[in-house]
Amino acid sequence: MTDHARVLFRPRAAVSIVIANMVGTGVFTSLGFQLVDIESGFVLMLLWFVGGVIAFCGAMSYAELGAALPRSGGEYNFLGRIYHPAAGFVSGWISATVGFAGPTALAAMTFASYLAAAVPGVPARSVAIALVVALTIVHATHRRASGGVQVAFTAIKVLLIIGFCVLALSAVDSAQLVGFAPATGDGGLVASGAFAVSLIYVSYAYTGWNVATYLSSELESPQKYLPRVLGGGTLIVIALYLALNYTFLHVAPIEAMRGKVEIGYVAAEYAFGANGARIMGVILALLLISTVSAMIIAGPRVYQAIGQDHEMFAWLARTNRHGVPAFAIYAQGALTVLFIVTSPFQFILLFSGFTLALNTLAAVVGVFVLRWREPDLPRPFKAWGYPVTPIIFMALTAWTLVFVLVDQPKAGLLGLAVVALGVVFYFATAHGRGPGLVADKPADARTEG
């Protein structure tokens, strides 16, 4: 291993990756879908809070798994180690084919949509592709540059979100007629199918809280810092999401946002006028650069882990002289561009959200399985509130999955088909070692000059 390969992601860079990977497409697009069936400000804010609770419970569960099994790869590492190499392979298959390329494409498409709304005539699809290509090249070169770019973009994103909320709330003369206190009928809404369906979109918006586990082997002292990175990053995002949605509902009428994708642009138009909205549209588009960047950093580490364990995909594990899995990064970039060219926005959102939820549900169940099967395994961190926190995550996630299958069967069934195809592909082609059989093997152990 070269000296370059020993360069690690510092905790600050890892937290920035968590925040950037979470704050992206969902929070800037999904409120319009929720307003189709729910108009209560209290219920909508509760919806985003519940989504945050799910994410935090999941983050605490992953922190236990990541500290006990500190290898890059996320669910690929966890499921293969806890259940069977086939489970790990299928998880990696999901991440490699859908889990990162799909959300990266969505973030790039949202970036381009906001930019096109602010600057008419901008070729949205070409801009989305150009963003993916540019960041893929940056992150495939040197890890130090990669981490620095990510911290800078994320700091700008957080500051701009806070600035947007403060300025928008200050700019409006009178608030919209949306009640944020509990009202008659809110209890029925919370128990309704509309709330569950909306929680699907919210859960997608929070997707990404687990991203640091994809970099465990490259994180400084993962047993010590991983729980802080996952928990701290998730709490910051919960606060940002509540502030953003309160601002959207406060400054723009429900009728103007219902069914719209560019929620931030609509809110900016009511707060700052047409010219101000164009400026904010560009700013909000820029916020999504760090989201695309974070997923281009994290996703290829799963490709790399698959390459280490399965000889057929060994080329994905090759790194350059700086210890960066360049081949895996380029592979994900190509798949992301394919999504942008071929798939509509809303279908990618539902399909990838459902498939990713299956992956995380299996991993959190693994907290119980691992404690039962290996009670003496060193656990530098144990999930706060166990067993309540993982049970909350499992119950609410399963609830949303059922409603996807009921209300959006095409997206749900396609997600199940991806899982089934991964199982078939594993038993047809896998002749290498499974995850968990290579104990604590660092993700950058194989370096190409």
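Couple of notes before you dig in:
- Some residue of the stretch 296-319 being under 22 Å from Gly233 (Cβ atoms), modelled with pLDDT of 80 or more and assigned to a helix (DSSP H, G or I): yes
- Yes/no for Ser91 being in contact with a Leu (Cβ under 8 Å, 6 or more places away or on another chain), farther than 21 Å from Gly24 by Cβ and among the hydroxyl-bearing types (Ser, Thr, Tyr): yes
- Scanning the stretch 68-96 for residues that are over 18 Å from Val364 (Cβ atoms) and within 15 Å of the chain's Cα centre (by Cα) returns a single hit, Ala96.
- Within the stretch 114-143, restricting attention to residues that are of a type in the set (Gly, Ala, Ser) and out of contact with any helix residue (DSSP H, G or I) (no Cβ under 6 Å at 6 or more places or on another chain), the residue that is farthest from Pro300 (Cα to Cα) is Gly121.
- Within the stretch 113-131, being over 17 Å from Pro344 (Cα atoms) and at pLDDT 90 or above holds for Ala130, Leu131.
- Any hit, the stretch 132-141, residues being assigned to a helix (DSSP H, G or I), surrounded by 23 or more Cβ atoms within 10 Å (Cβ to Cβ), touching a His at 6+ places or on another chain (Cβ under 7 Å) and of a type outside the set (A, V, I, L, M): no
- Qualifying residue in the stretch 75-82 (condition: crowded, with 24+ Cβ neighbours inside 10 Å and part of a loop (DSSP other than H, G, I, E, B)): no
- Taking the stretch 155-197 as the range and being β-branched (Val, Ile, Thr), under 28 Å from Thr397 (Cα atoms) and modelled with pLDDT under 85 as the test, the residues that pass are Thr184, Val197.
- Among the criteria (1) at pLDDT below 85; (2) closer than 26 Å to Ala112 by Cβ; (3) under 22 Å from the mean Cα position of the chain (by Cα), the one Gly259 does not fulfil is (3).
- Of all residue pairs spaced 6 or more apart or on separate chains, those with beta-carbon atoms under 6 Å, a first member in the stretch 45-64 that is within 14 Å of Ile200 (Cα to Cα) and a second member that is of a type in the set (A, V, I, L, M) and surrounded by fewer than 24 Cβ atoms within 10 Å (Cβ to Cβ) are Trp48/Leu242; Gly52/Ile238; Ile54/Leu396.
- In the stretch 83-129, residue surrounded by the fewest Cβ atoms within 10 Å (Cβ to Cβ) [restricted to those that are β-branched (Val, Ile, Thr) and not in a helix (DSSP H, G or I)]: Val119
- Hey, Leu349 over 18 Å from Glu75 (Cα atoms), outside any loop (DSSP other than H, G, I, E, B), out of contact with any Cys (no Cβ under 7 Å at 6 or more places or on another chain) and not hydroxyl-bearing (Ser, Thr, Tyr) or not: yes
- Exactly one residue out of Gly32, Gly51 is buried (at least 23 other Cβ atoms within 10 Å of the Cβ) and either of a type in the set (Val, Ile, Thr) or under 19 Å from Leu199 (Cβ atoms) (or both), and it is Gly51.
- Residue, modelled with the lowest pLDDT, within the stretch 404-437, restricted to residues that are in a loop (DSSP other than H, G, I, E, B) and surrounded by fewer than 17 Cβ atoms within 10 Å (Cβ to Cβ): Leu437
- Residue within the stretch 366-388 that is of a type in the set (Gly, Ala, Ser), within 29 Å of Ala124 (Cα to Cα) and surrounded by fewer than 20 Cβ atoms within 10 Å (Cβ to Cβ) present: no
- Test: residue in the stretch 139-152 that is modelled with pLDDT under 90 and on the phi > 0 side of the Ramachandran plot: no
- Selected residue (criterion: modelled with the highest pLDDT) from residues of the stretch 36-73 that are closer than 30 Å to Asp309 by Cα and part of a loop (DSSP other than H, G, I, E, B): Leu69
- For the criterion of being of a type in the set (Lys, Arg) and under 22 Å from Thr136 (Cα atoms), Arg10 passes.
- Checking each residue in the stretch 320-346 for being assigned to a helix (DSSP H, G or I), surrounded by fewer than 21 Cβ atoms within 10 Å (Cβ to Cβ) and hydroxyl-bearing (Ser, Thr, Tyr) picks out Tyr330, Thr342.
The values are calculated or read from the model by the stated rules, or taken from the named source; none is laboratory data. Keep in mind the model is a prediction, meaning the values are calculated, not measured. All Cβ positions, glycine included, derive from the backbone under ideal geometry; neighbour counts span all protein chains shown.
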